[in-house]
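The values are calculated or read from the model by the stated rules, or taken from the named source; none is laboratory data. All figures in this text were calculated on a predicted structure; none of them were measured in a lab. Here the Cβ is made from the backbone with ideal geometry for all residues, glycine too, and neighbour counts use every protein chain on show. Side chains are part of the model used for accessible areas, which takes the heavy atoms of the whole protein and leaves out ligands, DNA and RNA. Shrake-Rupley method; radii C 1.70, N 1.55, O 1.52, S 1.80 Å.
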Amino acid sequence: MTDTSHMTGAGTFRTSPRFLSSSTIGKGSGDASDLFGLGAGFGGCFAPETLMANLIELESLWLDAREDPAFRAELDDLFTNYAGRATPLTLAPRLSDRVGAEIWFKREDLLHTGAHKLNNTLGQCLLAQRAGKRRIIAETGAGQHGVASATTAARLGLECVVYMGARDAERQAPNVRRMELLGAKIELVHSGSQTLKDAVDEAMRAWVEDPDGSHYVLGSALGPHPFPRIVADFQSVIGREAREQILARTGGLPDKVVACVGGGSNAIGIFRGFVDDREVELIGVEAGGHGVPSGEHAARFSGGTPGVLHGAHTWLLQDAVGQVRETHSVSAGLDYPAVGPEHAALHVGGRARYESATDDEALDAFAAVAELEGILPALESSHAVAWVMAQAEALRGERVLINMSGRGDKDLDSVLRARAERAARGGRS
Ligand SMILES: *Cc1c(COP(=O)(O)O)cnc(C)c1O
């Protein structure tokens, strides 16, 4: 089905290129990749007029907070004593034997709530609290970011409203219950395709209606500036820890760092730790779905082109006239038509390489990690492992660091269903 929701005015806000006032652009940031405007060609703030005041306020709030040692100390305390950081770095000996490379996992699956998303919600909710806001608004697709937001809101005593497409809510009923148990209010979205894209629109709308009382906690390194930077900033703790840990354990850096890429937050989080180490190759693995040639996938860098969605100029799955294409992946967290703009810049600059793994390859990788390492990986993270397994020949003898972005307990139904379907097709189950 062709999606036209972005054509209806403020809908998916792809129009009206806007930039934050030049007085705030770049304040306190000397980063080389300038994503404030379109300095590196990607990012920007293609937001409707009604959102600009919120975004400008958020930018200055964040620029102040990141320079404030008290804010950092409070976040570090939550990371350590609530969320369980630092997460371990685990050698995967049996998978290493199978592949013929030295494979390490950064264990974000062991973070409280079972994935890296809590790093971002803790950071953003502290920002909201700092600004005196009582309520947070979040969008969620599969429910993982909704659960992390509801968890954090409960811990900090904030009200939490989660927007979720009605179709997603049906598919992810256990996460809806989980969020409700944590005290969040779920707003079902019945517009458009009733999935994540529509939930983002509704959450933005709710934020515009209550700019003083609420903060919008965006769930990935996506959206209009300053969101991609804020999220990457909070997730970069993954890469900082991983670099220290692998140096301490092996005395050297990895040859490759591999992470799955949905919106791109776990990948940018680990890449940030190594981006200045030119000898370390950075590889992002997107959802190949039924294979890129089939058209049923979410591999933006293989099948997409530059365009604007949800406020940022980035890489996008769209047709020749700019209609956003439907995506497919066995893993809900990778099933999104656009990618965070910092990845678009890394791709064009050649600093990172973007590959894909299919549904079937991810399911095989899930089985391998379960049976060889005693870890049930998230289906999202399984894509990163799948690419490494497929590249065994090329990686022989190398040291490879994989970001294990989350645990797979949430995916058991999907895995069992997919295995049954494959068995029916006569494939490997
Ligand atoms: C949400 C999610 C992802 C995808 O999101 P990114 O922003 O690309 O990291 C990957 N892995 C897990 C476990 C997730 O929950």
Subject >> Dipole magnitude of segment 225-331, debye to nearest 20 (Cβ charges: Lys/Arg +1, Asp/Glu -1, about Cα centre) >> reply: 160
Original post:
Between Pro174, Gly157, Ala221, whose Cα lies farthest towards the positive end of the dipole of segment 134-227 when Lys and Arg beta carbons carry +1 and Asp and Glu beta carbons carry -1, centred on the Cα centre?
Top reply: Pro174
Original post:
Label-point separation (nm) for His190 and Arg94, each offset 7 Å from Cα along Cα-to-Cβ?
Top reply: 5.0
Subject >> Theoretical gain in end-to-end length, Glu159 to Val348 [0.36 nm per residue, Cα-Cα removed] >> reply: 64.0 nm
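Under 8 Å for C-alpha pairs, at least 6 residues apart: give me the relative contact order for the chain, rounded to a whole percent.
Working: 919 pairs, mean separation 79.1, N = 429.
Computed over the chain, the figure is 18 percent.
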Original post:
Given R₀ = 30 Å, FRET efficiency for Ala367-Ser294 by Cβ-Cβ distance, to 0.05?
Top reply: 0.85
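Multiply the residue gap between Thr250 and Thr50 by 0.36 nm, knock off their C-alpha separation, and tell me the result in nm, one decimal place. Display every interim value, and only then the final one.
Numbers: separation 200, 0.36 × 200 = 72.00 nm, distance 5.14 nm.
66.9 nm is the gain from fully extending Thr250 to Thr50.
Hey, what's the Cα Rg ratio for segment 64-112 versus the globular rule of thumb, 2.2 N^0.38 Å?
On the way: Rg = 16.2 Å, N = 49, 2.2 N^0.38 = 9.7 Å.
Against the empirical 2.2 N^0.38 Å value, I get 1.68 for segment 64-112.
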**OP:** Return the inverse of the average 1/r over all pairs of distinct C-alpha atoms in segment 242-296, which is the Kirkwood hydrodynamic radius, in Å to one decimal.
**Re:** 12.6
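Starting from the exponent 0.38 and prefactor 2.2 Å, build the expected Rg for the chain from its residue count and divide its actual Cα Rg by it.
Details: Rg = 20.0 Å, N = 429, 2.2 N^0.38 = 22.0 Å.
Dividing the Cα Rg of the chain by 2.2 N^0.38 Å gives 0.91.
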**OP:** Taking H placed 1.01 Å from N in the peptide plane, check which residues at least 5 places from Tyr354 or on another chain put their amide H under 5 Å from its amide H.
**Re:** Gly284
Subject >> Glu187 long-range amide H proximity, modeled H, under 5 Å >> reply: Val162, Tyr163, Met164
Original post:
If you plug each phi of segment 322-335 into the Karplus form 6.51 cos²θ - 1.76 cosθ + 1.60 with θ = phi - 60°, what whole-Hz ³J(HN,Hα) values come out, in order, with x for Gly and Pro?
Top reply: x, 6, 5, 8, 5, 10, 9, 7, 5, 10, 4, x, 9, 8
Subject >> Length gained when the stretch Arg134-Arg72 is fully extended (0.36 nm per residue, less Cα-Cα span) >> reply: 20.2 nm
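Would you work out the charge dipole size for segment 72-195 about its Cα centre, treating the Cβ of every Lys and Arg as +1 and the Cβ of every Asp and Glu as -1, and quote it to the nearest 20 debye? Don't skip to the end; give the middle numbers.
Numbers: 17 positive and 13 negative charges, 28 e Å.
Roughly 140 debye for segment 72-195.
Summarise the accessible area of the chain (1.4 Å probe, protein heavy atoms) by the percent that is carbon and sulfur.
Details: 8000 of 16020 Å².
Carbon plus sulfur share of accessible area: 50 percent.
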Original post:
Once you charge only the Cβ atoms, +1 for Lys and Arg and -1 for Asp and Glu, what is the size of the charge dipole of the chain about its Cα centre, to the nearest 20 debye?
Top reply: 360
Original post:
What's log10 of I(q)/I(0) for segment 305-425 at q = 0.09, 0.19, 0.23 Å⁻¹, Debye sum over Cα points only, no solvent?
Top reply: -0.31, -1.12, -1.31
Subject >> With 10 Å bins from 0: P(r) over segment 254-365, alpha-carbon pairs, percent >> reply: 16, 48, 31, 6, 0
